[in-house]
1. For V365 and K284, what does the FRET efficiency come to when R0 = 60 Å and r is the distance between their Cβ atoms, rounded to the nearest 0.05?
2. Separation between the E42 and I98 pseudo-spin-labels, each 7 Å from Cα along Cα→Cβ, expressed in nm?
3. Only four residue types carry charge here, +1 at the Cβ of Lys and Arg and -1 at the Cβ of Asp and Glu. Report the dipole size of region 169-314 about the Cα centre in Debye, rounded to the nearest 20.
4. Search the structure for amide H atoms under 5 Å from the amide H of V287, placed 1.01 Å from N in the peptide plane, and list their residues when 5 or more places away or on another chain.
5. For a quick size check, give me the Cα extents of region 2-152 along its three principal axes, largest first, whole Å.
6. Once phi is turned into θ = phi - 60°, what whole-Hz ³J(HN,Hα) does the Karplus curve with 6.51, -1.76 and 1.60 give for every residue of region 42-55, x standing for Gly and Pro?
7. Going by amide H atoms built from the backbone, whose H comes under 5 Å of the H on V337, apart from near neighbours?
8. Grab the beta carbon distance between H219 and V311, set R0 = 35 Å, and tell me the FRET efficiency rounded to 0.05.
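Any read-out appearing in this document is the output of simple, stated calculations on the displayed coordinates, not a laboratory observation. If you're wondering where the values come from, they're calculated on a predicted model, not measured in any experiment. In this analysis, Cβ positions are derived from the backbone assuming ideal geometry, glycine residues included, and neighbour counts consider all displayed protein chains.
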Amino acid sequence: MACSSGKTIAQWACSVESFSSEYNSEGWSADQILGPPKVYPEYGDLHGAWASEECNLREFIEISFERSVVPSEIKIYETYNAGGISRILARDPTNQWIVLYTAPRLECIKQSRIFCPTITGCNFSTRNLRIEIDCSFSCDWVEIDAVQLIGSLTGKGLPVSSKRKDSPKLSLWVEEVTNYSTQYNNSGWSARSVIGEPKVYPRYGDIHGSWATKVTDAHQFIEVKFHEKLILQEINIYETYHAGGVKRVLAKDPAGKWLKLYETNQVQNIAKSRIFSPTFTPPKFPVDELRIDLDCTKCGSWVEIDAVNIVGQAAISLTPLSSSFLQLVNNRMFSDVEIIIDGVSFYAHKGILVARSTFFKSIFVDGNVPASAQQQQKVPSSQPLQSPAQAEDGPPSYDSLFGPPPTSQKTPTAPPKEQLYGEDSGARDIAPVQAETKTTLPVFSSGAACAA
C-alpha cells in the first residue's frame with residue numbers, strides 16, 4: 001500500500017523476499033512485518049511482529065514494496081528490544097545490495113520506537129530493502145512490527161522525461177497451461193483455473209476457481225503461456241490459499257530451456273491472499289512462457305494460485321535483412337567485383353570487402369595487388385545464373401537485362417559503309433560512327449585473383 005504526496009510517496013512493505021529465520025509460521029512469522037503496524041505503540045514479546053527463531057544470532061529479512069522510489073527516509077517500527085538493527089541495505093538496478101546505514105553501536109532499548117536512521121549513498125530507485133539485526137547484544141529477540149519506505153518517484157540525477165519514447169507497457173494474463181505436476185480435480189481446482197484474470201482474489205480460502213495440486217509435497221509445478229512475448233519487467237502471482245509456497249520462477253529462453261528468475265529456500269505459510277511479485281533480474285530475451293514451482297510442505301496443505309500476470313514491453317519485431325542482402329551477396333547484377341576460384345565466379349562489393357578485410361583494403365584502397373592476383377582482360381565464363389523465370393522472387397539477371405557479357409575488351413569492327421548506307425545512298429564519303437567501347441566487370445583470376 002502506498003500513500004502519495006506530490007512526487008514523494010510513503011509505502012509499507014508488501015512482500016517478504018527472504019529471511020534468515022522466523023520464530024513460527026503464525027504470530028511471529030516473517031510475514032508479520034508486512035503492512036502497517038499491528039503492535040506499535042505497545043511494547044513486548046507480542047503476536048504481530050517478526051521474531052527470529054533464535055535470540056542470540058545475527059538475523060536478516062529482505063522485503064519489497066509496491067513501487068520503486070529514491071529513498072529519502074526509512075521508518076522501522078521496533079516493538080521488542082529496540083536498538084538491535086545493525087545494517088540497512090537497498091538493492092540497486094544491477095541487483096547488488098548497497099549499504100545505506102551501519103549502526104555505530106548497538107543498544108537494548110526497553111520500549112517500542114520508530115527508528116528513522118540517517119541513510120546515505122542511495123541515489124538510485126529501489127523497491128527492495130534488507131534489514132540486518134544482531135540479537136547477541138540484548139541476548140533476547142529483537143522484534144520488528146512494520147517497515148515504511150518514503151521516497152521520490154523521480155530523484156536527483158534521474159531524468160524526468162526523455163526524448164526516447166519507450167513502447168507502452170503491456171499486461172498479460174495466462175492464455176494456456178502447457179504442463180503441470182498434478183491438479184486436485186478437473187473442475188473447481190483444475191490447472192486451467194489459472195487462465196485469465198483472477199476469479200477468487202482478494203478472497204482467501206480453499207475456494208473454487210484457483211489451481212490446487214493433488215499432492216502436497218515440495219515438487220509441484222505449473223507451466224503457463226501468454227498471448228505474446230514481452231520484455232519482462234514484472235511477474236504477479238495471485239495466491240489465494242496458504243500463500244508463500246512459491247519457491248522458484250523460471251522463464252523459457254529461445255532455445256527452449258528454463259532460465260531461473262527467482263528462487264528461495266525459505267517458503268512461508270501466509271494465512272491470507274496476496275499478490276506475490278518476486279524480485280528478479282529481467283532476462284535479455286522476450287518471454288511468453290513461465291514455470292512456477294511450489295513447495296507445499298511448509299503449510300502441509302494445498303498452496304492455491306488464482307492467476308498469473310506478466311507486465312513488460314512488447315518485443316520489437318525487426319524486418320529481416322535477408323531479403324535485402326540477397327541482392328548484395330553473390331549477385332552479378334548488383335556487384336562491382338568478381339572473385340574467381342577454380343573457375344567458379346563469386347560476386348561481391350568492394351566497400352564490404354574493404355570494411356571486413358585488411359587484405360582487400362590493401363588491394364582496392366592502397367593499390368597493392370599481390371602477384372597471385374592478376375588482372376584479366378577477359379571475363380572468364382562462369383556458371384550460368386538462373387533466369388528470372390527460374391529464380392523465384394529474385395531480381396532479374398544481368399543477362400536478361402543487358403545481354404551476355406562481352407568476351408573481350410577489343411573494340412568491335414565497324415560495319416562497312418555499304419551495310420550502313422547501301423550501294424547508292426550517296427553517303428560513301430561519310431565516315432561511319434564508331435560503336436562505344438563496352439565495359440567489363442573487374443575480376444579475380446588464377447587461384448583467387450582480383451581486379452579493381
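1. On the way: r = 38 Å, r/R0 = 0.63.
So, using R0 = 60 Å, E works out to roughly 0.95.
2. 3.9 nm
3. Numbers: 17 positive and 17 negative charges, 39 e Å.
The calculated dipole for region 169-314 is roughly 180 debye.
4. Distant-sequence amide H within range of V287: L230, I231, L232.
5. 39, 28, 24
6. Coupling constants for region 42-55: 5, 10, x, 7, 10, 4, x, 10, 6, 10, 6, 5, 9, 10 Hz.
7. Answer set, sorted by chain and number: A348, K350.
8. Working: r = 28 Å, r/R0 = 0.81.
So the FRET efficiency works out to roughly 0.80.
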